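Reviewing the structure listed below.
The values are calculated or read from the model by the stated rules, or taken from the named source; none is laboratory data. Treat the numbers as computed from the prediction; the structure is a model and nothing was measured. Note: ideal-geometry Cβ built from the backbone for every residue, glycine included; neighbour counts use all protein chains shown. Surface areas here come from the heavy atoms of the whole protein model, side chains and all, with no ligands, DNA or RNA. Shrake-Rupley method; radii C 1.70, N 1.55, O 1.52, S 1.80 Å.
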Amino acid sequence: MSAGAERPAEPVVARPASTVLLLRDGPDGRLQVFLQRRVTGMAFGGGMTVFPGGGVDRTDLDDPAPWSGPAPRWWADRLGTEPTVAAGFVRAAVRETFEESGVLLASRPDGTPVDQGVLGEARADVVARTRTFGDVLAEAGLVLRADLLRLWARWITPVVQPRRYDTVFFTALVPDGQEADAHTTEAVEASWWSPSDALAAHRDKEIGLMRPTLAILTDIARHPDAASLRAAGPDGPIRPILPMVVGPGPRVLLPGDPGYDPDVAAGVVRTGGAR
(Lines give C-alpha, C1' and ligand atoms only; values in the text may rest on other atoms or scores of the structure.)
Protein backbone atom coordinates (compact mmCIF):
# COMPACT_ATOMS: atom_id res chain seq x y z
CA MET A 1 0.00 0.00 0.00
CA SER A 2 1.44 3.40 -0.96
CA ALA A 3 2.28 6.15 1.48
CA GLY A 4 -0.74 8.12 2.59
CA ALA A 5 -3.19 5.51 1.30
CA GLU A 6 -6.32 5.11 3.34
CA ARG A 7 -8.65 2.25 4.11
CA PRO A 8 -11.98 2.58 5.88
CA ALA A 9 -12.42 1.05 9.28
CA GLU A 10 -15.56 -0.95 9.89
CA PRO A 11 -17.58 0.74 12.64
CA VAL A 12 -21.02 -0.47 13.59
CA VAL A 13 -23.62 0.95 11.23
CA ALA A 14 -25.56 3.75 12.92
CA ARG A 15 -29.26 2.98 13.26
CA PRO A 16 -31.65 5.80 12.26
CA ALA A 17 -33.44 7.36 15.24
CA SER A 18 -35.55 10.39 16.08
CA THR A 19 -35.75 12.55 19.17
CA VAL A 20 -38.18 15.37 19.95
CA LEU A 21 -37.65 18.39 22.15
CA LEU A 22 -41.17 18.96 23.49
CA LEU A 23 -41.45 22.63 24.36
CA ARG A 24 -43.71 24.85 26.40
CA ASP A 25 -43.56 28.03 28.44
CA GLY A 26 -43.57 27.43 32.19
CA PRO A 27 -45.66 29.26 34.79
CA ASP A 28 -43.02 31.99 34.93
CA GLY A 29 -43.05 32.38 31.14
CA ARG A 30 -39.63 30.80 30.69
CA LEU A 31 -38.87 28.11 28.16
CA GLN A 32 -39.26 24.54 29.41
CA VAL A 33 -38.33 21.24 27.75
CA PHE A 34 -39.58 17.75 28.64
CA LEU A 35 -36.86 15.39 29.89
CA GLN A 36 -36.91 11.74 30.97
CA ARG A 37 -34.41 9.78 33.05
CA ARG A 38 -33.94 6.43 31.37
CA VAL A 39 -34.05 3.16 33.25
CA THR A 40 -30.63 2.14 34.57
CA GLY A 41 -29.22 -0.84 32.72
CA MET A 42 -30.72 -0.05 29.33
CA ALA A 43 -28.43 -0.99 26.46
CA PHE A 44 -28.08 2.63 25.35
CA GLY A 45 -28.11 5.65 27.62
CA GLY A 46 -29.13 3.77 30.77
CA GLY A 47 -29.63 6.19 33.66
CA MET A 48 -29.16 9.23 31.44
CA THR A 49 -31.60 12.13 31.24
CA VAL A 50 -32.80 12.51 27.65
CA PHE A 51 -35.46 13.90 25.35
CA PRO A 52 -38.20 11.43 24.28
CA GLY A 53 -37.26 9.40 21.23
CA GLY A 54 -36.03 6.11 19.83
CA GLY A 55 -35.06 4.10 16.78
CA VAL A 56 -36.83 4.23 13.42
CA ASP A 57 -39.04 1.15 13.14
CA ARG A 58 -39.65 -0.79 9.93
CA THR A 59 -43.26 0.39 9.96
CA ASP A 60 -42.07 3.99 10.06
CA LEU A 61 -40.54 3.48 6.61
CA ASP A 62 -43.51 1.95 4.82
CA ASP A 63 -46.46 3.27 6.84
CA PRO A 64 -49.16 4.73 4.55
CA ALA A 65 -50.70 6.82 7.35
CA PRO A 66 -52.31 10.11 6.23
CA TRP A 67 -49.81 12.98 6.36
CA SER A 68 -50.24 16.73 6.70
CA GLY A 69 -47.46 19.27 6.30
CA PRO A 70 -44.17 19.33 4.35
CA ALA A 71 -43.85 16.25 2.14
CA PRO A 72 -41.11 13.62 2.56
CA ARG A 73 -39.12 15.17 -0.31
CA TRP A 74 -38.99 18.50 1.60
CA TRP A 75 -37.55 16.75 4.66
CA ALA A 76 -35.19 14.70 2.47
CA ASP A 77 -33.70 17.85 0.95
CA ARG A 78 -32.90 19.19 4.42
CA LEU A 79 -31.55 15.91 5.77
CA GLY A 80 -29.55 14.97 2.66
CA THR A 81 -31.24 11.60 2.33
CA GLU A 82 -33.91 9.74 0.37
CA PRO A 83 -37.60 10.64 0.87
CA THR A 84 -38.44 7.21 2.30
CA VAL A 85 -35.68 7.56 4.90
CA ALA A 86 -36.69 11.14 5.72
CA ALA A 87 -40.31 10.09 6.14
CA GLY A 88 -39.13 7.39 8.53
CA PHE A 89 -37.41 9.99 10.70
CA VAL A 90 -40.58 12.09 10.82
CA ARG A 91 -42.94 9.20 11.53
CA ALA A 92 -40.61 7.81 14.21
CA ALA A 93 -40.49 11.25 15.86
CA VAL A 94 -44.28 11.41 16.11
CA ARG A 95 -44.70 7.75 17.11
CA GLU A 96 -41.97 7.78 19.78
CA THR A 97 -43.30 11.02 21.26
CA PHE A 98 -46.73 9.40 21.55
CA GLU A 99 -45.33 6.20 23.06
CA GLU A 100 -43.04 7.86 25.60
CA SER A 101 -44.99 10.95 26.63
CA GLY A 102 -48.57 10.51 25.43
CA VAL A 103 -48.35 13.66 23.32
CA LEU A 104 -49.79 13.04 19.86
CA LEU A 105 -48.70 15.32 17.03
CA ALA A 106 -51.78 14.59 14.95
CA SER A 107 -55.22 16.07 14.33
CA ARG A 108 -58.44 15.65 12.36
CA PRO A 109 -57.98 16.37 8.66
CA ASP A 110 -59.57 19.80 9.18
CA GLY A 111 -57.08 20.61 11.95
CA THR A 112 -59.44 19.89 14.85
CA PRO A 113 -57.34 18.96 17.92
CA VAL A 114 -57.14 15.43 19.27
CA ASP A 115 -58.93 14.42 22.47
CA GLN A 116 -55.88 12.97 24.19
CA GLY A 117 -57.95 11.06 26.75
CA VAL A 118 -59.49 8.64 24.26
CA LEU A 119 -56.15 7.37 22.98
CA GLY A 120 -54.82 5.60 26.08
CA GLU A 121 -55.62 2.11 24.79
CA ALA A 122 -54.25 2.95 21.37
CA ARG A 123 -50.98 4.10 22.95
CA ALA A 124 -50.62 0.78 24.78
CA ASP A 125 -51.27 -1.09 21.53
CA VAL A 126 -48.59 0.86 19.68
CA VAL A 127 -46.07 0.27 22.48
CA ALA A 128 -46.91 -3.46 22.48
CA ARG A 129 -46.71 -3.56 18.66
CA THR A 130 -50.18 -5.12 18.41
CA ARG A 131 -51.20 -2.28 16.11
CA THR A 132 -49.07 -0.06 13.95
CA PHE A 133 -49.04 3.65 14.57
CA GLY A 134 -50.43 4.19 11.08
CA ASP A 135 -53.36 1.88 11.81
CA VAL A 136 -54.14 3.81 15.00
CA LEU A 137 -54.18 7.12 13.14
CA ALA A 138 -56.29 5.75 10.28
CA GLU A 139 -58.84 4.10 12.58
CA ALA A 140 -59.20 7.31 14.59
CA GLY A 141 -59.55 9.41 11.44
CA LEU A 142 -56.38 11.37 12.21
CA VAL A 143 -53.53 12.72 10.10
CA LEU A 144 -49.90 12.91 11.15
CA ARG A 145 -48.94 16.59 11.56
CA ALA A 146 -45.46 16.87 10.08
CA ASP A 147 -45.93 20.64 10.15
CA LEU A 148 -45.80 20.57 13.97
CA LEU A 149 -42.17 19.42 13.81
CA ARG A 150 -39.12 21.55 13.09
CA LEU A 151 -35.59 20.33 12.56
CA TRP A 152 -33.00 21.30 15.12
CA ALA A 153 -29.92 19.07 14.75
CA ARG A 154 -28.60 15.68 13.67
CA TRP A 155 -26.01 13.74 15.68
CA ILE A 156 -24.30 10.46 14.87
CA THR A 157 -22.81 8.30 17.64
CA PRO A 158 -18.98 8.13 17.50
CA VAL A 159 -17.54 5.26 15.44
CA VAL A 160 -15.80 3.77 18.49
CA GLN A 161 -19.12 2.93 20.17
CA PRO A 162 -20.52 -0.61 19.90
CA ARG A 163 -24.11 0.70 19.62
CA ARG A 164 -24.61 3.65 17.31
CA TYR A 165 -27.48 5.90 16.25
CA ASP A 166 -27.96 8.47 13.51
CA THR A 167 -30.39 10.71 15.37
CA VAL A 168 -32.43 13.60 14.05
CA PHE A 169 -33.51 16.08 16.73
CA PHE A 170 -36.80 17.90 16.17
CA THR A 171 -38.61 20.55 18.20
CA ALA A 172 -42.38 20.59 18.78
CA LEU A 173 -44.73 22.64 20.90
CA VAL A 174 -47.11 20.56 23.00
CA PRO A 175 -50.51 20.97 21.27
CA ASP A 176 -53.21 22.81 23.18
CA GLY A 177 -55.17 20.52 25.46
CA GLN A 178 -52.47 17.86 25.68
CA GLU A 179 -50.15 16.99 28.56
CA ALA A 180 -46.87 15.06 28.59
CA ASP A 181 -46.60 12.29 31.17
CA ALA A 182 -44.14 9.75 32.55
CA HIS A 183 -46.14 6.64 31.65
CA THR A 184 -43.40 4.71 29.90
CA THR A 185 -41.42 1.64 30.90
CA GLU A 186 -38.25 3.18 29.45
CA ALA A 187 -37.99 5.97 32.04
CA VAL A 188 -38.11 6.08 35.83
CA GLU A 189 -39.17 9.73 35.92
CA ALA A 190 -40.02 12.58 33.61
CA SER A 191 -40.70 16.27 34.12
CA TRP A 192 -40.43 19.74 32.64
CA TRP A 193 -37.13 21.56 33.03
CA SER A 194 -35.83 24.95 32.08
CA PRO A 195 -32.65 24.28 30.06
CA SER A 196 -30.55 26.31 32.52
CA ASP A 197 -31.85 24.30 35.49
CA ALA A 198 -31.08 21.03 33.70
CA LEU A 199 -27.55 22.22 32.92
CA ALA A 200 -27.05 23.23 36.57
CA ALA A 201 -28.29 19.82 37.74
CA HIS A 202 -25.79 18.19 35.38
CA ARG A 203 -22.93 20.32 36.72
CA ASP A 204 -23.95 19.33 40.25
CA LYS A 205 -23.98 15.65 39.16
CA GLU A 206 -27.67 15.32 39.97
CA ILE A 207 -28.47 14.09 36.46
CA GLY A 208 -26.40 12.58 33.67
CA LEU A 209 -26.47 14.03 30.15
CA MET A 210 -25.02 12.52 27.00
CA ARG A 211 -22.98 14.87 24.85
CA PRO A 212 -25.73 15.65 22.29
CA THR A 213 -28.26 16.39 25.04
CA LEU A 214 -25.74 18.58 26.85
CA ALA A 215 -24.85 20.49 23.68
CA ILE A 216 -28.48 21.01 22.66
CA LEU A 217 -29.54 22.17 26.13
CA THR A 218 -26.64 24.62 26.06
CA ASP A 219 -27.78 25.91 22.65
CA ILE A 220 -31.42 26.35 23.61
CA ALA A 221 -30.74 27.86 27.05
CA ARG A 222 -30.20 31.27 25.45
CA HIS A 223 -33.82 31.40 24.27
CA PRO A 224 -36.26 33.02 26.70
CA ASP A 225 -39.39 31.19 25.57
CA ALA A 226 -40.73 28.51 23.25
CA ALA A 227 -41.66 30.93 20.47
CA SER A 228 -38.12 32.31 20.36
CA LEU A 229 -36.65 28.83 20.11
CA ARG A 230 -39.02 27.69 17.40
CA ALA A 231 -38.24 30.76 15.33
CA ALA A 232 -34.51 30.04 15.61
CA GLY A 233 -34.54 26.58 14.04
CA PRO A 234 -32.53 26.12 10.82
CA ASP A 235 -34.48 26.67 7.60
CA GLY A 236 -32.04 24.98 5.25
CA PRO A 237 -30.17 21.66 5.20
CA ILE A 238 -28.58 20.50 8.43
CA ARG A 239 -25.16 18.87 8.60
CA PRO A 240 -24.74 15.77 10.81
CA ILE A 241 -22.49 16.20 13.84
CA LEU A 242 -20.09 13.26 14.26
CA PRO A 243 -18.07 13.54 17.49
CA MET A 244 -14.45 12.36 17.57
CA VAL A 245 -13.33 10.46 20.66
CA VAL A 246 -9.67 10.81 21.65
CA GLY A 247 -7.69 9.56 24.65
CA PRO A 248 -6.77 9.68 27.37
CA GLY A 249 -9.88 10.46 29.30
CA PRO A 250 -11.43 9.96 26.86
CA ARG A 251 -12.20 13.40 25.43
CA VAL A 252 -14.88 14.20 22.88
CA LEU A 253 -14.13 16.70 20.13
CA LEU A 254 -16.77 18.30 17.93
CA PRO A 255 -16.42 19.86 14.46
CA GLY A 256 -14.64 23.18 14.90
CA ASP A 257 -12.73 22.10 18.02
CA PRO A 258 -8.90 22.20 17.83
CA GLY A 259 -7.64 18.76 16.83
CA TYR A 260 -10.90 17.58 15.28
CA ASP A 261 -10.21 15.49 12.16
CA PRO A 262 -13.27 14.53 10.10
CA ASP A 263 -11.51 11.48 8.64
CA VAL A 264 -10.58 10.13 12.06
CA ALA A 265 -14.07 10.92 13.34
CA ALA A 266 -15.53 8.92 10.43
CA GLY A 267 -13.29 5.91 11.14
CA VAL A 268 -10.88 6.32 8.22
CA VAL A 269 -7.51 4.80 9.08
CA ARG A 270 -4.46 6.43 7.52
CA THR A 271 -1.53 4.19 6.77
CA GLY A 272 1.97 5.53 6.13
CA GLY A 273 5.12 4.10 4.57
CA ALA A 274 5.57 2.43 1.17
CA ARG A 275 5.88 -1.30 0.76
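Any residue that is of a type in the set (A, V, I, L, M) and within 24 Å of Arg37 (Cα to Cα) - is there at least one of those in the stretch 256-273? So far as the stretch 256-273 goes, no, none of its residues is of a type in the set (A, V, I, L, M) and within 24 Å of Arg37 (Cα to Cα).
For the stretch 133-150, a tally of residues being under 17 Å from Glu100 (Cβ atoms) and open to solvent by 30 Å² or more (accessible area, probe 1.4 Å) returns 1. I want to confirm something. Restricting to the stretch 170-193 and keeping residues that are surrounded by fewer than 17 Cβ atoms within 10 Å (Cβ to Cβ) and among the hydroxyl-bearing types (Ser, Thr, Tyr), which single residue is nearest to Leu31 (Cα to Cα)? It comes out as Ser191. With the checklist (1) open to solvent by less than 50 Å² (accessible area, probe 1.4 Å); (2) under 15 Å from Asp60 (Cα atoms) in hand, flag the one item Arg129 doesn't pass. If we test Arg129 against (1) open to solvent by less than 50 Å² (accessible area, probe 1.4 Å); (2) under 15 Å from Asp60 (Cα atoms), just (1) comes out false. Would you mind stating whether Ala198 is buried (at least 17 other Cβ atoms within 10 Å of the Cβ) and in contact (Cβ under 8 Å) with a residue 24 or more places away in the chain? Considered against the rule, which asks whether it is buried (at least 17 other Cβ atoms within 10 Å of the Cβ) and in contact (Cβ under 8 Å) with a residue 24 or more places away in the chain, Ala198 comes out as yes.
Between Ala153, Ala87, Ala92, the distinction of being surrounded by 23 or more Cβ atoms within 10 Å (Cβ to Cβ), under 19 Å from Val50 (Cα atoms) and in contact with a helix residue (DSSP H, G or I) (Cβ under 7 Å, 6 or more places away or on another chain) belongs to Ala92 only. Go through the residues of the stretch 206-213 one by one and say whether even a single one is open to solvent by 20 Å² or more (accessible area, probe 1.4 Å) and closer than 24 Å to Ala76 by Cα. Looking for residues that are open to solvent by 20 Å² or more (accessible area, probe 1.4 Å) and closer than 24 Å to Ala76 by Cα, one finds at least one in the stretch 206-213, hence yes. Number of residues in the stretch 111-138 that are of a type in the set (D, E, K, R) and modelled with pLDDT under 90: the value is 2. Restricting Pro248, Pro240 to those that are farther than 26 Å from Phe89 by Cα and either open to solvent by 60 Å² or more (accessible area, probe 1.4 Å) or out of contact with any Leu (no Cβ under 7 Å at 6 or more places or on another chain) (or both) reduces the list to Pro248.
Of the residues contained in the stretch 214-223, none is found to be touching a Gly at 6+ places or on another chain (Cβ under 7 Å) and surrounded by 15 or more Cβ atoms within 10 Å (Cβ to Cβ).
Within the set Gly120, Gly111, the sole residue that is exposed (fewer than 15 other Cβ atoms within 10 Å of the Cβ) and in contact with a strand residue (DSSP E or B) (Cβ under 9 Å, 6 or more places away or on another chain) turns out to be Gly111. A Cβ distance below 6 Å, combined with a sequence gap of six or more or placement on separate chains, defines the contacts here; from the stretch 99-114, residues that are in contact (Cβ under 8 Å) with a residue 60 or more places away in the chain and over 16 Å from Thr184 (Cβ atoms) reach residues that are assigned to a loop (DSSP other than H, G, I, E, B) and open to solvent by less than 10 Å² (accessible area, probe 1.4 Å) in the pairs Val114/Leu104.
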